[in-house]
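What follows is calculated from the coordinates using simple rules that are stated; it is not laboratory data. These numbers were taken from a predicted model, which means no experiment stands behind them. Neighbour counts run over all protein chains shown; Cβ positions are idealised from the backbone, glycine included.
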Amino acid sequence: PCPIVCDKGFAGAGIERAAAALGHVLIRPARRDEDGSGAFPGRLRQRIEAVIWTLKNQLGLERHAARTQEGLWARTCQRILALNAAIWHNWLIDAPVKRSLVAYDH
């Protein structure tokens, strides 16, 4: 079991009970109707949103075309590995923008 970082949409007794039954703790920002006692750092939210934006837009995971969960997992992993290879290559050639995939877009 490990903590699960999620958005405030993952709120509710049912979701929290299900996560707790599996031994997980949900870490999420407080909703408007809750007190802000949960320490959820803003920089963590920004990092999560940047990763999600990259996966959805730059890597095209909204249009993944997978037919099974295994296929979705394989396509997700291959795109993350491709992004890491592109970033690594951009570092090697001293590209001005390290996270850009424009040069590899065919």
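I need the full set of residues from segment 64-79 which are closer than 23 Å to residue 100 by Cα and not β-branched (Val, Ile, Thr), in order please. Selection gives 64, 74, 75, 77, 78, 79.
When only residues in segment 3-26 that are of a type in the set (Gly, Ala, Ser) and on the phi < 0 side of the Ramachandran plot count, which is nearest to the chain's Cα centre (by Cα)? Looking at residues that are of a type in the set (Gly, Ala, Ser) and on the phi < 0 side of the Ramachandran plot, I get 9. Just to be sure before I move on: is residue 76 of a type outside the set (Phe, Trp, Tyr) and under 20 Å from residue 7 (Cβ atoms) in the structure I sent? Yes, satisfied. Pairs linking a residue in segment 8-26 that is within 20 Å of residue 49 (Cβ to Cβ) to a residue that is surrounded by fewer than 10 Cβ atoms within 10 Å (Cβ to Cβ), with Cβ atoms under 9 Å and 6 or more positions apart or on different chains, are 8/32.
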